[in-house]
C-alpha cells in the first residue's frame, strides 16, 4: 500500500465511495444524541443559574456551599461527554479503520480490544508520576515508511490531597507516538519542549551548544556523549522547526524505541455531532490530524538512520 | 554574632564555587577520556578497513600507506595534545578522501565485509563528533566558571585543563572537496 499522502481531492472521492454509505445509518442516532446533549446543557445552565442565585441570596453560605456551587456545571459536563462519547464510539468502531486506510496501513483499535499497560507509561521518563488509571481515548496502529508505529491519545492524571481538599494535576494530555529507534544507543535521552508537561522532573540536564535550542528544549540523559550522538545539530534544527510550526513535542529515546509526546490541547480524532453524519468536513479534519502527526516523522526523518 | 553568620555564609558561598570548579574540571577530564575511547575504537577499525580495501584499491596504495602512518602517529601522541589533535585532524581528512575513493571501486563498495566495516566506522565517527561536542561544552563551562569572580580565585586549581584548546574543524576539512580528484 502506498505510503504517500494522496491529496484531499482523492479523499473526497474515497469518502463518497467507501465511507459515506456506512454513515447513513448514523444520522438518526446523531440527531438523537445532539438533542440529548442540548437538553442536558439547557438543564445544566438552569440548575447552575439557580445554584448561583441561591448562593448569593442565602445568608448562611459557607465553604462547603462554595464547593457545591459549580456542581451542576461539572455534572452537566460529565453527562454531556458521556452521551457524546457513546455516539462517537459507535461511529469510530464502524468507520475509522476504513478512514485511516486512506493514509496507508493503519488500524484503529477499539477500547475493548486492547489491555492498557500502566507500566509502559511508568517506564517512560518524560512522563511524570501519575496515580490514576491511564485513559486512552484513541489507539491507532500501523506502518509508516516501513516503520511500525503506534499512536495513542493519552490522558494521565495525578491526584493529591492538601488542606483536606483533593487536587488534580494533568501529567500528560495529548498524543503519544511510538516508533522503533534505528540509530541505536544504550542510553536514555529525553529532549522536551519547555512548554511540555512536567519537564521540571527531568534530571541530569545536558547543556547543548545550540543556545537557541537550549531556550526551547530541555534535554536530559544518563550519558552526555550518547545524548549528543542522538541529538545531532541536524536533528536539533528539525526540532526547532517543529517548535516554529507551533508543535509542542517531547522525545524520549529508550530501550530501542522513540516515544514522541505531542501536546495537542484538544480532543483528537472525534467525529462531530453538530454536523450531519455524512458531512465530509469533520472527517477531513480527522484525516488531517493523523496526517499532521505522521508529518512529524517526516520532519524528523526518523525513518532514516543516517539523518538522525 | 552577625560577623559569624556573615563568615559562615561567605564560606558556604566560596565552597560552592570551589565545588563547581572542581566538577567542571572533572567534566573536562571525563569528556577528554570519552574522545580517547572513541579514537581508540577508530584506531582499531582502521586496520580492518585498510586490509579489506587493499585487495581492491590498486591505485590508492599511497593513500592507504599515509593513513597507516598517521594512525600510528595519532596513537602515539598523548590525548588532547596539540600533536594528537593535528594528527587526528589530518587523519579525519585522509579518511574522508578514502571514503570518497571507495566509491570508485564498485566491487569494494558492495563487499559485505566492507559495508559492515564502513557502517561501524561511520558510527564511530559520529561518536567522535559527539565526544568532541561534549568536550567543547565542558571546556566552555569550565572557562566560564574559572574566569568569572569568585571562580577566578580558584582558577589555579584547574590550570592544566584551562590551557586545553577547543576542538575545531581543521582548515583542511573546511575546504570544499574536489570530488574530481578522487573520481578519476
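For every residue, the table says whether it meets (1) within 13 Å of another protein chain (Cβ to nearest Cβ); (2) touching a helix residue (DSSP H, G or I) at 6+ places or on another chain (Cβ under 9 Å); (3) in contact (Cβ under 8 Å) with a residue 40 or more places away in the chain.
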residue: A:196; (1), (2), (3): no, no, yes
residue: A:204; (1), (2), (3): yes, yes, no
residue: A:209; (1), (2), (3): yes, yes, no
residue: A:217; (1), (2), (3): no, yes, no
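Scanning the stretch A:111-132 for residues that are more than 16 Å from the chain's Cα centre (by Cα) and without any contact (Cβ under 8 Å) to a residue 60 or more places away in the chain yields A:112, A:113, A:114, A:115, A:117, A:118, A:119, A:120, A:122, A:130, A:131, A:132. Scan the stretch A:32-52 and give yes if some residue there is within 23 Å of residue A:168 (Cβ to Cβ) and surrounded by fewer than 12 Cβ atoms within 10 Å (Cβ to Cβ), otherwise no. No; the residues of the stretch A:32-52 include none that is within 23 Å of residue A:168 (Cβ to Cβ) and surrounded by fewer than 12 Cβ atoms within 10 Å (Cβ to Cβ).
Being in a helix (DSSP H, G or I) and in contact with a helix residue (DSSP H, G or I) (Cβ under 6 Å, 6 or more places away or on another chain) is true of residue A:98. Scanning the stretch A:223-269 for residues being assigned to a loop (DSSP other than H, G, I, E, B), in contact with a helix residue (DSSP H, G or I) (Cβ under 7 Å, 6 or more places away or on another chain) and within 14 Å of another protein chain (Cβ to nearest Cβ) gives a total of 0.
Against the list (1) more than 16 Å from the chain's Cα centre (by Cα); (2) at pLDDT 90 or above; (3) assigned to a helix (DSSP H, G or I), the condition residue A:200 fails is (2). If you check residue B:126 against the conditions, is it within 12 Å of the chain's Cα centre (by Cα) and within 14 Å of another protein chain (Cβ to nearest Cβ)? When the stated conditions are applied, residue B:126 passes them. Of all residues in the stretch A:161-186, those being touching a residue at least 24 places away in the same chain (Cβ under 8 Å), surrounded by fewer than 17 Cβ atoms within 10 Å (Cβ to Cβ) and in a strand (DSSP E or B) number 2.
Listed by first and then second residue, the pairs with beta-carbon distance under 8 Å, at least 6 apart or on different chains, first residue in the stretch B:138-153 and away from every other protein chain (no Cβ under 14 Å) and without any contact (Cβ under 8 Å) to a residue 24 or more places away in the chain, second buried (at least 18 other Cβ atoms within 10 Å of the Cβ) and not in a helix (DSSP H, G or I), form an empty list. Restricting attention to the stretch A:102-135, the residues being touching a helix residue (DSSP H, G or I) at 6+ places or on another chain (Cβ under 7 Å) and in a helix (DSSP H, G or I) number 2.
The values are calculated or read from the model by the stated rules, or taken from the named source; none is laboratory data. Fair warning: this is a prediction, and the values are worked out from it, not measured in the lab. Neighbour counts are summed over all protein chains in view; Cβ atoms, including those assigned to glycine, are modelled from backbone coordinates with ideal geometry.
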